[in-house]
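> Here's a structure for you.
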Amino acid sequence: MRDDQIRVLIAKPGLDGHDRGAKVIARALRDAGFEVIYTGIRQTPQMIAAAALQEDVDVVGLSILSGAHMTLCPKVVELLHAQGQEDVLVLLGGIIPDEDAAELKAAGVHAVFGPGTSSSEIIAFIRTAMAGG
Amino acid sequence: MPKPAPTQQLIDGLLKGDRLALARAISRVEDDAAEAARIVRGVFAQTGRAHLIGVTGAPGTGKSTLVSALAERYRAQGLTVGVLAVDPTSPFSGGALLGDRVRMTGHSGDAGVFIRSMATRRGTGGLARASADAMLLLDAGGFDRVIVETVGAGQAEIEIASVADTVVVVEAPGLGDEVQAIKAGLLEIADIFAVNKADRKGAGRTVAALEMMLETGGAAAQVRSIFHHGQRMAMEAAASETDAEERWPIPVLETVAVSGGGVDQLRDALERHWAWLEGSGARSAREGRRLGHMLQTLVQAEVLARMERTLPPGLRSDLVEGMMRRQIDPYSAAAEMVKKLSG
């Protein structure tokens, strides 16, 4: 019997404690049939990378509202790559200016979702990426 | 997507202490029964070293926080810890929200702690089907202590007793009265009780209720052995597991996991139980029971899978329809299916 269950880590790096969005997404992904590992607020990039490794996730979803995304996101990507998880899909949600989003994508973030993104859009993005698209 | 690593590479890696290989091997074991067989075959000779600890109890008793605090105490002793935290899979979506890590932060810079969340998927009894395999992998990966936290358990999720050397049942004040404490099931599998949140009102009553339950049980056991054998005989019989287990005095400990209160005592009790298992011969008896259980589970799964493969298509739905029309009863329908299977 084969499962090929998609595993997603949802983390909130940095110092802002507004985790409502992260929890809503975690719940939506669960309802879409994913296994969601929720790590809570105030995570350092090192904590996120360690959890991503131990949990062998396919996707890391970061939620950042503090404005610190330009330092936190590239650091997470760098740590994931350094530990052999180059294939992990990295997604970012939050209030991210367009020019930052472009730079983050160049730094290895696969997608940036702003306010108003529907959860079905995120679910579809993950499914397509996991199918090799 | 890059090509997945060959199975042998994962086996070699995890045996050498490569944590990414371990993490990936656990996923393979969860996802694919054939891979599980290959991987367990590759590591089994290197298992049997770790102390396997089960932590169970009702939702909200503080199991995750307690496991995290316990891991910290083991680390202070220089022991490495693998943690398997099991949470339920949604029966509707097949998805799961695994949230135990929220209470297990603080180990991230430490290579001596490995925490893995696991959804129950189709497993029953508070564990996932792959839990026992994942425990073997953590054992083979070199961890001194492997702690498995079950899903928030009710009264009958006692599967953990079949996979662990030592079972800690976590209680909290205010969850039930003395009648709850004398019910069968979960409470009977405890080697150690931890009354967590012991700084809250009613902790003393919970401790007293558990101690009373243990005393009544213990007294009955004593009377029985005296009645049957007399003292000398009872001592000779100590080699058998039931008698040996009767000699382990089940402690009822008070803990306050959030502040670390009583966690040293819990660790000490676990170490004492581990030494007792070894010294009394109960460890090998329990291991025999555990491996026998594993064998039976695997055979059942294989027989069921074979049944699915070989039964004529439509037989099951025909029988169910017959049952719904009251033309055939459930026992006869089952006998019909088994007959097709062996015929």
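The values are calculated or read from the model by the stated rules, or taken from the named source; none is laboratory data. Nothing here was measured: the structure is a model prediction, and the numbers come from that model. A quick note on method: Cβ atoms are made from the backbone with ideal geometry, for glycine too, and the neighbour counts reach across all protein chains shown. We work out accessible area using only protein heavy atoms, side chains counted, and drop any ligands, DNA or RNA first. Shrake-Rupley method; radii C 1.70, N 1.55, O 1.52, S 1.80 Å.
> Using modelled backbone amide H atoms (1.01 Å from N, in-plane), which distant-in-sequence or interchain residues come within less than 5 Å of residue B:167's amide H?
B:54, B:191, B:192
> In terms of modelled amide H atoms, which long-range or inter-chain residues lie less than 5 Å from the amide H of residue B:195?
Amide H neighbours of residue B:195: B:171, B:253, B:254, B:255.
> Something else now. With Kirkwood's inverse mean 1/r over C-alpha pairs for Rh, give me the Rg to Rh ratio of chain B, two decimals please. Walk me through the numbers before you get to the answer.
Numbers: Rg = 22.3 Å, Rh = 22.1 Å.
My calculation puts Rg/Rh at 1.01.
> How big is the protein assembly as shown by Rg and Dmax over its Cα atoms, in Å?
Spelled out, the Cα radius of gyration and Dmax of the protein assembly as shown are 24.6, 85 Å.
> Which value in deg cm²/dmol, rounded to the nearest 500, describes the helix-derived mean residue ellipticity at 222 nm for chain B, given -39,500 (n - 2.57) per DSSP H run of n ≥ 4 and division by the residue count? Numbers along the way, then the final one.
Values: 13 runs with 169 residues, N = 343.
It comes out at -15500 deg cm²/dmol, rounded to the nearest 500.
> Take chain B, connect every pair of alpha-carbon atoms lying under 10 Å apart with a spring to form a Gaussian network, then pick out the residue of B:256, B:167, B:55 with the largest mean-square fluctuation.
B:256
> What does the accessible area of residue B:340 come to, in Å² to the nearest 10, when a probe of 1.4 Å is used?
Here the residue's solvent-accessible area equals roughly 100 Å².
> Add -39500 (n - 2.57) for each DSSP H run of 4 or more in chain A, then divide by its residues: what number comes out at 222 nm, to the nearest 500 deg cm²/dmol? Let's see the in-between values first.
Numbers: 5 runs with 58 residues, N = 133.
Rounded to the nearest 500, it is -13500 deg cm²/dmol.
> Would you look at the GNM of chain B, springs on alpha carbons closer than 10 Å, and say which of B:288, B:125, B:261 moves the most?
Looking only at B:288, B:125, B:261, the largest GNM fluctuation is found for B:288.
> Can I ask one more? Which residues' amide hydrogens lie under 5 Å from the amide hydrogen of residue B:85, considering only partners 5 or more residues apart or on another chain, with H built in the peptide plane?
Under 5 Å from the amide H of residue B:85 lie the amide H atoms of B:116, B:117, B:118, B:149, each far enough along the sequence or on another chain.
> Let me ask something else. From the Cα gyration tensor of chain A, with a ≥ b ≥ c the square roots of its eigenvalues, which class applies: rounded if a/c is under 1.5, or else prolate if a/b is larger than b/c, or else oblate? Numbers along the way, then the final one.
Values: a/c = 1.34, a/b = 1.21, b/c = 1.11.
Rounded is the answer for chain A, as its axis ratio a/c remains below 1.5.
> If you don't mind, there's one more thing I want to ask. What is the sum of charges around residue A:119, taking Lys and Arg as +1, Asp and Glu as -1, for the other residues whose C-beta is under 9 Å from the C-beta of residue A:119?
Numbers: positive: A:27; negative: A:31, A:121.
Taking every Cβ under 9 Å from that of residue A:119, the sum is -1.
> So, one more: Would you kindly calculate the translational diffusion coefficient of the stretch B:22-66, applying Stokes-Einstein with the Kirkwood radius from alpha carbon pairs, for 20 °C and a viscosity of 1.002 mPa s, and quote it in µm² s⁻¹ without decimals? Write down the numbers at each step before the final one.
Working: Rh = 13.0 Å.
Diffusion coefficient, whole number: 165 µm²/s.
> I would also like to ask the following. Using a 1.4 angstrom probe and counting only protein chains, how large is the accessible area of residue B:303 in Å², to 10?
80
> Now for a different question. Counting only other chains, what is the mean number of Cβ atoms within 10 angstrom of the Cβ of each residue in peptide A:55-67? Mind dumping the intermediate values first?
Numbers: counts 9, 12, 3, 2, 0, 0, 0, 0, 0, 0, 0, 0, 0.
That works out to 2 on average.
> While we're on this one: If you bin every alpha carbon distance in the stretch B:37-191 into 10 Å steps from zero, what whole percent lands in each bin?
Computed distribution, short to long bins: 11, 40, 36, 12, 1.
> Please average, across the residues of A:34-47, the number of beta carbons from any other chain that are within 10 Å of each residue's own beta carbon, and give a whole number.
Numbers: counts 6, 13, 8, 14, 8, 9, 6, 2, 1, 3, 3, 0, 2, 6.
Partner-chain Cβ atoms within 10 Å, mean over residues of A:34-47: 6.
> Of B:215, B:30, B:321, which has the largest mean-square fluctuation in a 10 Å C-alpha GNM of chain B?
Its mean-square fluctuation being the largest, the pick is B:321.
> Restricting to lysines 8 or more places apart or on different chains, can you count the pairs in chain B with Cα atoms under 24 Å from each other?
Details: B:3/B:16; B:63/B:183; B:63/B:197; B:63/B:201; B:183/B:197; B:183/B:201.
The number of close lysine pairs in chain B is 6.
> Accessible surface of residue B:20 in the full protein assembly, 1.4 angstrom probe, to the nearest 10 Å²?
Probe radius 1.4 Å; accessible area of residue B:20 about 20 Å².
> Also: Can you give the % of DSSP beta bridges in the protein assembly as shown that are antiparallel, to the nearest 5?
Among the beta bridges of the protein assembly as shown, antiparallel pairing accounts for roughly 5 percent.
> Work through the residues other than residue B:63 whose Cβ is under 10 Å from its Cβ and net out their charges, Lys, Arg +1 and Asp, Glu -1. Numbers along the way, then the final one.
Numbers: positive: B:103; negative: B:100, B:149.
With Lys, Arg at +1 and Asp, Glu at -1, the neighbours total -1.
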